[in-house]
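Please treat every number below as a calculation from the coordinates, not as lab data. It should be emphasised that the depicted structure is a prediction, and the values quoted were computed from it without experimental measurement. Virtual Cβ from ideal backbone geometry, glycine too; neighbours counted across all protein chains shown.
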Amino acid sequence: MTRQLPRRLHAGAWWLWALGLMAVATQTTNPLLLGLVVAVAGVVVASRRGGAAWASGYRAYLVVAAVVVAIRIFFRTLFGGGAGPDVLFHLPRLSIPGGLSVGGPVTAQQVLAGLYDGFRLAAILVCVGAANTLADPRRLARSLPAALTGVATSVVVALSMAPQLVESFARIRRARKLRGETGRGWRSLRPLLVPLAEETIHRAVSLAASMEGRGYGRSTPANRRWGAVASGGLALVAAGSFWLVSGSQLLPAGATLATGALFVLVGLAGAGRENHRTRYRADRWERQEWLVGLSGVAAAAGVYMTGALTPGILLPQLEPLTWPQLTPLAAISVLIAAIPAVAAPPVPAMPNLQSIPETAP
Amino acid sequence: MISFDRVTFAYPNTHRPAVVDVDLHVGEGQLALVVGPTGAGKSTLLKMVNGLVPRFTGGTLSGRVVVGGRDIADHSVGEMADLVGYVPQDPASGFVADTVEEELAFTMEQLGLDPGVMRKRVEEVLDLMGLAALRSRRLSDLSGGEAQRVAIGAVLTAHPEVMVLDEPTSALDPAAAEEVLASITRLVHDVGTTVLMAEHRLERVVQYADQVVHIDRTGRVEAGEPAVVMERSTVAPPVVRLGRLAGWSPLPLSVREARRRAPSLMERLKAPIARAASHGEVVMEARDVSVIYGDSPAVRGVGLRLAAGEVVALMGRNGAGKSSLLWALQGAGKRSGGRVSVAGVDPATLEPDEARRFVALVPHEPSDLLFMESVGDECRRADAANGSPPGTCGAWLERLLGRIDPDLHPADLSEGEKLALVLAIQLGARPKVVLLDEPTRGMDYAAKQHLSDLIREIAGQGTAVMIATHDVEFAAETAHRVVVMADGEIVADDRTAAVVVSSPVFAPQVAKVLAGDWLTVDDVAASLEPA
C-alpha cells in the first residue's frame, strides 16, 4: 500500500462529516450514544488537526459544552418543580408572584432530564467545534459555488479583519497610558474607542480601494441577471416553506417550494457559468473526501434506522428510571464516523510559524 | 504608456485643486519618480493612474488620463486591474487574504486566469520577489519589508504593464529598503514594467529614476531629466544639496557620481567642526533591561544611560527591539527584567499619569493618543491633565507647527502634524526624558529639518531625548550619539560620527561622499572656506 500524501482535506468534507454527527446528536438524548459522538469527534480531531492558529480552538468548545451541561442541570434543579416520583432531596421553596416557584423537591428525573438535554446540546457544540478545528472556515468560504465567490470573498476578508481589530485594540489600550488616561467608567472609553473607530474606518476604506484596484467586483450585467433569477427563486422558497409549515395546502405549497428551488439552482448555475473568476489551488474533492463525508452521513442514517427499529433506544425512559441501552446498530453507526481518524490524509506539516503574541510595532 | 493631458483635479468641497494642468508622459519601461513636499498631491497623482481618483474619492477632473490606451474616464478601477498594479502606502492595509500565497493569487482569481497559469505565476513571483521561504506564512506575521515585497508581488502576478507605488520604502529600515528597491529596478530592467513611484526619501531612489516628476504645493507639475529637475526641486536629498553647495553641474544624483567630484571640494574644506557633545548629568539609567514576549526575547539585557541635554538616535533593523525598549523604558510597556531609574525613580512603579512626568513617549502611531473633536480640545484636555496653565500645550504646538486652526479635527491633520500635536501634549508634562518612535515617517525634508531643530532645542533646555529611527540622514542631523540595536542587544553606542561613518548601512550620504567626519550638508557648509 502506498503511503497517503499529506494534504488538506476539502473543507466541505469535514463539514459534511460534522453535520452527520450533529444529525446523530439531534436525534437522541441517550447519554451513551452522545458520549460516543463526543468521543468520535475527539479522536478524529486529535489525529487530523492542523497546526494553524484557527485549529487551536477546540479546547474552548469543550469548555463551553461543559458549561452548557452544568447550566442546564442547574436550572432544571432549581425550577424543575419536582416532576417525577424519585425525590433526591428538598430545596427551600420560594414562591415568586405570578405563579412561579423556585426550589422544592428535586427528583432524579429532573436532574437527568437536564443532563440528557444539556448533553445533546453540548454534543452538537462539540461537533461544530470539531468542524471548525479540522477545516479552516475561510477555506470553506472559498469553496462555495462559483456564483457566490463575490460573497465568499467578502466573508473571507471580514474574517481576516477580526484579528487585526483585536491587535489594534490592544495597541491603543496600551498607548492610552502614555497620556495618563487611565480613568474608569464609561468616560474612559472615549480615548479607547475614538482612535479604534478612526483606524477601523480608515482601514476599511483603504481595503476597499485595494480590492477594487485589484479587480474585485468586475461584474458583468449578465451576472446580475442570473442573480435576479436566483433571488426570485429564493423568495419563492421562503414563501413555499412558510405555506408548508402552516400546513393547510400541502400540494400547492410543495409545488411553490420546488419551483423556487429550481429557480435558485438555475440562477446559481447560470451565474457560475458566466463568472469569470477562478480559484487558485482550489481544494479538490477526491476519494478521501467522499469517504470522510459519507462516514458522517452513514452515522446519521444508521442512528435514524435505530430510531425506526427500536425507538426506546434513542430517547431513554426516565419513569421508571432505567439504565440507557445501546444496540449494536446504533453503536457501530456512530463508530463509522471515526473512520476519518485513519482514512483522511494526514495534515501537512506547517512551516515553522513564528508566533508573535504581543507584537511590538 | 502613461499620459496625462492637461489634467486638473480638485477634491470635493475644496477651493484649491490638488493638481493643476498636468502634462505628463511616461514611456514604456521607464521608472518615473514623483517628488514634492508633504501634501502636494503626490498620492493623488498616483491614484489617477488606475482611476481610484476620482472614482473612489469623488471630485472634479478635467483633461484626459490615458494608460496603455485606456482612458480612465471609460474604464472602472476594476477594469484597469490587469493593466495597472497599484501598491498603497501602507501595504498591510490592502491585504485581503490570509497567507502570502493566497494574497499573491487574489488579483489573478479576480481576473479569471486559468488555475494552471496562476500556479506557475505565483511560483515565478515568489522567486522574483524573494518570497519563496515565506509562501505559507500568515500576512499578519510579516515584517515591514516582507509585507512590502508581498504587496508588490501581489499585483505583479497579474502581469501589469504599469506599476504604481506609493512610498514603498517609507516604513523600512535601510537594508530592507535596498531589497525592495532592488526588486523594483529588476522589474524595470528585466521585465520592462513601467513604474511610477512616489517617495520622500530621495536619497534612496533618485539615482534609479529615468524621469523625475516634481509637484509643488500649488499642485503644479514639472517633469524631466532627474538632474535637471533636481536643480530647482523644493525637496532634495543631501547629495543634491551638496552638489548645489559646491556648484557642481550637472548635479550628482548618486553617491558614486558625487564621490568622483569630491576631491575638488575637499580641498576647500577646513577640518569639520566637532559637535558640542553634551555632558549633562545622567537623568536615565537602565540596567540589564529585557523584554520577553512568550518565549521570544525582544530585548536582551540592555544597559543604557541618557544625560540631560543629550539627543540619542536608536537605530537597527525592523524587529531589532527598538520599540520594545522604548516602551519598557517608559514603563507602560512590558519589562521582563532589569532596572530603570529616572532621577532616582523607576517609572514603571508609578501611576501612568505620574510616569509621564518622568518619561514621555511619542509612539509609532501618534494618532492612538488623539481622541477629541478638535485640536483646541486636545490641548485643553492635555493642559488640565498636566496641571499646567491653560495655553501651555497650544504654545508648544505653535512652536512646533506655526499657527494652526484650533478647530481642525485631529483626524484631518497630516502624519507630521499629528506627531507635533502629540509631542506638544507630552511636552506639557515637562518630562525629564522624551522618547520618540520613528517620528519622521511621511515627512519631507523641510519638516524633518524643522523637527530636528526643535528636538535640539528641547534637548537644549535640559531634557534627554532618544529617537528610534531608520532615517540615517535625520539621525546624522539630529543626534549627538547613536545606539545601534540588533537582535535585542546593543551592538554599538558612541558619538554619531564614530558609529555612522564607518557603517555601510547607517552612513549618511555626505559621509559616504566625503569620507570624513562631515555628516550633513550643514556641516560641510560650516567648514567651507569662502571660494
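Per residue of B:86-97, other chain Cβ atoms within 10 Å of the residue Cβ number 5 on average.
Rounded to the nearest 20, the Cβ-based charge dipole of region B:282-514 about its Cα centre (Lys and Arg +1, Asp and Glu -1) stands at 740 debye. Note on chain A: with a GNM built from Cα contacts shorter than 10 Å, the maximum mean-square fluctuation among A:ALA208, A:ALA152, A:ALA18 falls on A:ALA208. DSSP bridge analysis restricted to the protein assembly as shown gives an antiparallel fraction near 55%, rounded to the nearest 5. For a label point 7 angstrom out from the Cα of B:LEU408 toward its Cβ, which stretches of region B:206-239 have the backbone nitrogen within less than 18 Å? Zone members listed by number: B:217-219.
Across peptide A:278-285, the average count of Cβ atoms from other chains found within 10 Å of a residue's Cβ is 5. In the elastic network of chain A, a GNM with C-alpha springs shorter than 10 Å, the most mobile of A:SER206, A:SER188, A:SER333 is A:SER188. For chain B, the longest principal axis of the Cα atoms and the long axis of helix B:375-386 meet at an angle of about 20 degrees. Ranking A:ALA308, A:ALA197, B:SER341 by Cα position along the charge dipole of the protein assembly as shown, where only Lys, Arg, Asp and Glu carry charges on their C-beta atoms, puts A:ALA308 farthest toward the positive end. Taking amide H as placed 1.01 Å from N in the peptide plane, the amide H of B:VAL362 sits under 5 Å from that of B:LEU435, B:LEU436, B:ASP437, each at least 5 places away or on another chain. For chain A, with a Gaussian network of springs between Cα atoms less than 10 Å apart, report the residue from A:GLY213, A:GLY267, A:GLY296 with the top mean-square fluctuation. Maximum fluctuation in the GNM of chain A, among the listed residues, is at A:GLY213.
Compare the Cα positions of A:ALA175, A:GLY227, A:ALA108 along the charge dipole of chain A (+1 at Cβ of Lys, Arg; -1 at Cβ of Asp, Glu; about the Cα centre) and return the one farthest towards the positive end. About the Cα centre, the residue reaching furthest to the positive side is A:ALA175.
Ordered by the count of other Cβ atoms within 10 Å of each Cβ, fewest first, A:ILE336, B:ILE184 give A:ILE336, B:ILE184. Once C-alpha pairs closer than 8 Å and six or more residues apart are averaged by separation and normalised to the residue number of chain A, the relative contact order reads 31 percent.
Taking the number of Cβ atoms within 10 Å of each Cβ as an exposure proxy, the fewest-first ranking of B:GLU365, B:GLU28, B:GLU415 is B:GLU28, B:GLU415, B:GLU365. Could you tell me the center-to-center distance, by alpha carbons, between region A:113-147 and region B:334-389 in angstrom? With region A:113-147 and region B:334-389 each reduced to a Cα centre, they are spaced 46 Å.
Shape of region A:116-180 from the C-alpha gyration tensor: oblate (a/c of 1.5 or more and a/b not above b/c, with a ≥ b ≥ c the square roots of its eigenvalues).
If both residues of a DSSP beta bridge must be in region B:282-514, then about 55% of such bridges are antiparallel.
Simple spin-label estimate for B:ASP346 and A:ALA204 gives 4.4 nm between the two label positions (7 Å along the Cα-to-Cβ direction from each Cα).
For the protein assembly as shown, the Cys residues with no second cysteine's beta carbon closer than 4.7 Å are A:CYS127. Under 5 Å between amide hydrogens, built in the peptide plane, is the criterion, and for A:LEU88 it picks out A:VAL106, A:THR107, A:ALA108 among residues at least 5 positions away or on other chains.
Computed from Cα positions, the angle between helix B:445-460 and the longest principal axis of chain B comes to roughly 10 degrees.
Counting only whole DSSP H helices of chain A, the ones at least 15 Å long by C-alpha along their axis and with mean Kyte-Doolittle hydropathy no lower than 0.0 are A:11-27, A:31-48, A:58-79, A:108-134, A:149-178, A:190-213, A:221-246, A:250-274, A:287-309.
Extension gain, B:THR14 to B:ASP190, is 59.1 nm, computed as 0.36 nm per intervening residue step minus the present C-alpha separation.
Give me the base-10 log of I(q)/I(0) for chain A at each q in 0.11 Å⁻¹, Debye formula, one uniform scatterer per Cα, rounded to two decimals. Scattering profile of chain A, log10 relative to I(0): -1.10.
Report summary: the helix-based calculation at 222 nm, which adds -39500 (n - 2.57) for every DSSP H run with n ≥ 4 and divides by the residues of chain B, gives -10000 deg cm²/dmol. I'd like the orientation of helix B:174-186 relative to chain B: the angle between its Cα long axis and the longest Cα principal axis, in ° from 0 to 90, rounded to 10. Computed tilt is about 10 degrees. Counting only other chain Cβ atoms within 10 Å of each residue's Cβ, the peptide A:194-206 averages 4.
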